[in-house]
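Derivation of every value follows stated rules applied to the coordinates shown; laboratory data play no part. Predicted, not measured: the structure shown is a model, and the values here were computed from it. Note that each Cβ is placed from the backbone with ideal geometry, even for glycine, and that neighbours are counted across all protein chains shown.
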Amino acid sequence: MKHPIETAAEQIRATAAEATETLNLGGAWPAGLPLETVILLTLVVIAVIAVTVVAGIPIVLVLMERKVSAYFQNRLGPTRVGPWGLLVTLADGIKLLFKEDMVPPSSDRKLFRLAPYVVFAASFAVVAVIPPFQSTVIGNMDLGLFLYLAISSLIVLGIIMAGWASNSKYSLFGALRAAAQIVSYEIPLGLAVLMIVMATGTLNMQHLVMDQADGIHAWYMFRHPFLFIGAFIYFLSAVAEVNRTPFDLPEAESEIVAGYHTEYSGIRFAYFFLAEYANAFIVSAICATLFMGGWAAPFPFLSGVPGVVWFLGKTMFLVFIMMWLRWTLPRVRVDQLMSLCWKYFLPISFVNILGAGVLALLEREEIGAQLGGMFLSAEAVSWIAFPFVLALLGWFARWGTEPVRRPS
Amino acid sequence: MAAPTKALRTDEMVLSMGPQHPSTHGVLRLELKTDGEVVEEAIPHIGYLHRNFEKHAESLPYFQIIPYTDRMDYIAAMNNELGFVLAVEKLMELGGKPISIPEKAQYIRVVVCEMNRIASHLLAFGTYGMDIGALTPFLYAFRDRETILGLFEDICGARLLYNYIRFGGVSRDLTPDFHHKLRRFLSKFEKNIDSYNTLLTNNKIFLERTKGVAVMSIDKAIQYGWTGPNLRGSGMKWDLRKDEPYSIYDRFDFEVPVGEIGDCWDRYKVRMDEMRESVRIVRQALDQMEEKGLLDDPNYAAKVSAKLRPPVGEVYFRTETPRGDLGYYIQSDGTNVPSRVKVRSPCFTALSAMRELSRGLLVADIIAIIGSIDIVMGEIDR
């Protein structure tokens with residue numbers, strides 16, 4: 001029996017040979033260059049292109065955030081650098097690049113230097129599995145969704161590194177808050193994703209989008225009520241996971257100054273900053289891909305519009321909602337954050353999983369309701385029942401809304 | 001190596017919050033003894049902004065002290081001035097040399113003080129939102145505050161430290177279009193308060209953050225010497241403008257809003273409601289000025305000698321500033337320089353309860369408390 005690595009290597013060789021043939025590179029390469037080198041070079045080129053393109057996203061997002069917040073707050077935002085302030089992020093980046101490289105003397109120097117790159121790399125690596133349009137995805141993996149969950153969890157490692165290595169109490173507070181928060185919210189987030197996997201049986205992101213390509217009714221979000229709720233849980237957990245208001249406790253300015261990146265300045269701070277916006281984009285992109293049909297057009301007659309327009313449109317819509325939340329809502333307290341996750345999101349997620357499973361089973365057995373000679377599938381029945389159940393729950397929930405009054 | 005059975009030792013962490021911290025409202029330093037996120041004790045350390053006001057005042061002629069009072073509670077400078085000026089005027093009256101203040105000056109004083117109260121409460125509202133994590137209310141609050149400061153600039157040239165209220169009146173007359181601009185602002189502002197309440201006051205997260213946090217009972221509040229909106233937040237109906245009317249406050253009809261249980265939200269809400277009452281007072285003052293034909297009256301100040309020499313004696317006079325009872329104790333030896341000036345600061349008493357209020361709460365609650373008692377370090381340290 002062959003070693004799995006050998007099998008993998010053979011596969012890579014085969015793919016590369018195929019690719020070389022298709023691209024007709026045979027003549028272009030200097031003779032005698034080993035195939036492995038060709039593969040490596042190709043991967044490096046792809047990676048460089050991908051990172052360059054992806055690094056542009058946070059730059060756009062930073063400007064967008066500044067403009068959005070400005071209009072929310074009755075201001076104009078940046079107007080000076082470039083037309084309509086378009087170049088202000090670049091100017092800021094250059095400024096940060098030229099700043100003095102400060103490492104606090106009492107810090108753990110190696111960890112302190114490493115931390116921003118861990119956060120940055122972990123958040124950017126996830127881009128590989130997101131399909132921006134019909135034919136292209138950087139890494140078309142069968143385990144794409146799993147890779148996203150796995151790699152995005154690495155971010156918290158970088159954050160803890162930063163908080164610990166800074167040797168500052170505020171940083172430590174931020175890091176510990178981040179650890180508790182991100183690890184907790186990963187669970188409802190994972191459960192929401194799991195529902196989709198249960199329904200389709202694939203983890204390949206491209207396949208997931210193709211499954212939704214029929215139109216708005218095929219989006220997982222609108223398949224049945226449990227997925228609808230799941231989409232919201234996913235989005236809110238994602239907001240919590242990328243530390244944005246109302247869940248921005250790890251960097252709560254009014255409480256712990258800047259949290260885990262209090263001691264960072266210059267280009268290292270820029271890395272955290274870029275990673276933060278890249279994260280916001282990525283979770284939105286994943287949400288758009290998983291629940292809102294990714295690059296697929298909402299209506300079949302619009303399918304002439306390129307997929308990337310739909311993909312970016314949906315993603316930017318979600319990013320805008322994140323900004324809307326941020327510039328409207330106050331921040332929750334750390335205990336409220338935890339109770340929201342463990343007392344509300346998690347039980348709801350479990351009910352969701354159960355419901356999605358039951359529906360999938362009923363669907364497979366073709367069990368439904370007869371209504372005036374019309375056959376209603378289990379999903380249709382659940383949609384009809386949904387508003388009533390929601391109203392009922394809302395009525396029950398009214399008893400719990402009085403804020404807890406703690407003794408002085 | 002330590003024995004494996006030994007439990008992991010934990011210790012309290014001392015976190016020095018401030019004097020440079022985004023939300024300690026100035027240069028306040030809090031020594032927090034924390035166990036994780038829980039604060040076992042918060043000890044306030046003050047004095048970083050001490051400027052020796054009381055000693056300075058002992059070497060300055062009376063009228064030169066007024067600009068120094070501006071710099072105590074720089075958020076509500078007009079109210080500070082009014083307290084001092086009224087105290088000196090009272091001193092003159094007690095000594096049998098009363099200054100007759102023109103009717104117009106009385107009204108102008110009330111109008112500018114109430115406007116300044118609105119500006120101060122707006123700042124409290126905005127920064128409180130920021131402390132809780134909502135950044136947008138701050139900018140809305142400053143938009144309205146900006147209008148008020150613009151009006152102040154019109155009448156006295158300054159936007160923060162006015163030196164406007166003088167012995168016997170005010171330093172300058174109102175500009176001709178002042179009351180039009182003010183009325184326009186008031187009608188716009190009243191609507192804005194509703195939108196602020198929608199945006200922040202009744203926000204679910206905001207309620208969760210402030211309701212039931214740091215409850216101060218009436219008894220305890222009185223024991224600590226709390227006054228102003230903080231005391232009213234605990235449910236005590238105590239407002240010097242109503243209970244010991246000074247200046248011409250007895251001519252206006254207004255309510256004294258009070259809270260229910262004395263938590264952070266109640267203290268905050270009292271301020272929001274007080275802004276409405278201030279709008280009412282300003283409106284009534286403008287109406288009365290119009291009725292009495294005072295708007296065109298050129299007489300806005302009595303002639304008072306720069307070498308004002310109050311007769312020998314002492315006086316304690318307190319007024320209701322946006323932060324509570326601000327008291328001035330002045331001792332005169334008959335010269336043009338007071339022999340002693342002592343200030344009773346409402347913020348100082350409010351901050352003194354910090355240790356008691358914060359016991360066992362979370363770090364985020366500490367910020368909520370500081371914001372809710374609305375302190376100005378300039379007045380505490382003086």
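Peptide B:31-37: average number of partner chain Cβ atoms within 10 Å per residue?
2
On a full-extension model of 0.36 nm per residue, what is the gain between A:ASP101 and A:LEU87, subtracting their alpha-carbon distance, rounded to one decimal in nm?
Result for the pair: 2.6 nm of gain on full extension.
Compute the distance in nm between two label points, each set 7 Å from the Cα along the Cα-to-Cβ direction, one at A:VAL183 and one at A:LEU361.
With each label point 7 Å from Cα toward Cβ, the separation is 3.4 nm.
Taking a ≥ b ≥ c as the square roots of the Cα gyration tensor eigenvalues, with a/c under 1.5 meaning rounded and otherwise prolate when a/b beats b/c, else oblate, which class fits the protein assembly as shown?
Working: a/c = 2.33, a/b = 2.07, b/c = 1.12.
Prolate is the answer for the protein assembly as shown, as a/c is 1.5 or above and a/b outweighs b/c.
Which of the listed residues, A:PHE281, A:VAL197, A:LEU61, is farthest toward the dipole's positive end in chain A, when Lys, Arg count +1 and Asp, Glu count -1 at the beta-carbon?
A:LEU61
Return the distance in nm (one decimal) between the two label points of a simple spin-label model at B:ARG9 and A:PHE396, each offset 7 Å from Cα along Cα→Cβ.
Between B:ARG9 and A:PHE396, the simple spin-label model gives 5.0 nm.
From the cross-link list B:LYS242/B:LYS342; B:LYS188/B:LYS237; B:LYS55/B:LYS220; A:LYS95/A:LYS314; B:LYS191/B:LYS269; A:LYS110/A:LYS169, which pairs have alpha carbons spaced over 21 Å apart?
Pairs exceeding the cut-off: B:LYS242/B:LYS342; B:LYS188/B:LYS237; B:LYS55/B:LYS220; A:LYS95/A:LYS314.
Once R0 is set to 60 Å, what does the formula 1/(1 + (r/R0)^6) return for the Cβ-Cβ distance between A:VAL53 and B:VAL312, expressed as a FRET efficiency to the nearest 0.05?
0.10
What list of ³J(HN,Hα) couplings, whole Hz, do you get for region B:364-370 from phi and the Karplus terms 6.51, -1.76, 1.60, once you set θ to phi - 60° and write x for glycine and proline?
5, 5, 4, 4, 5, 5, 4
Relative to the Cα centre, what is the charge dipole magnitude of region A:98-360, using +1 at the beta carbon of each Lys and Arg, -1 at the beta carbon of each Asp and Glu, and rounding to the nearest 20 debye? Please report the intermediate quantities before stating the final value.
Working: 14 positive and 15 negative charges, 39 e Å.
Roughly 180 debye, rounded to the nearest 20.
Tell me the Rg and the Dmax, in Å, that the Cα atoms of chain B produce.
22.1, 90
R0 = 51 Å: FRET efficiency of B:HIS45 with A:PHE386, Cβ-based, nearest 0.05?
Calculated transfer efficiency: 0.35.
Starting from the Cα of B:GLU31, step 7 Å along the direction of its Cβ; do the same at B:TYR74; then give the gap between the two resulting points in nm.
Rounded to a tenth, the inter-label distance reads 2.7 nm.
Which residues make up the longest stretch of chain A that has no GluC sites (Glu not before Pro) in a DSSP loop with at most 16 other Cβ atoms within 10 Å?
After excluding every exposed loop site, the longest remaining stretch is A:101-365.
Can you sort B:ARG71, B:ARG184 by how many other beta carbons sit within 10 Å, fewest first?
In increasing order of surrounding Cβ atoms, one gets B:ARG184, B:ARG71.
With equal scatterers on the alpha carbons only and no solvent term, can you work out the Debye log10 of I(q)/I(0) for region B:1-116 at 0.11, 0.16, 0.19 1/Å?
-0.62, -0.92, -1.06
Given N residues in chain A, what is its alpha carbon radius of gyration divided by 2.2 N^0.38 Å?
Dividing the Cα radius of gyration by 2.2 N^0.38 Å gives 1.10.
Determine the calculated [θ] at 222 nm for chain A from helices alone, applying -39500 (n - 2.57) to every DSSP H run no shorter than 4 residues and normalising by the residue count; nearest 500 deg cm²/dmol.
-21000 deg cm²/dmol
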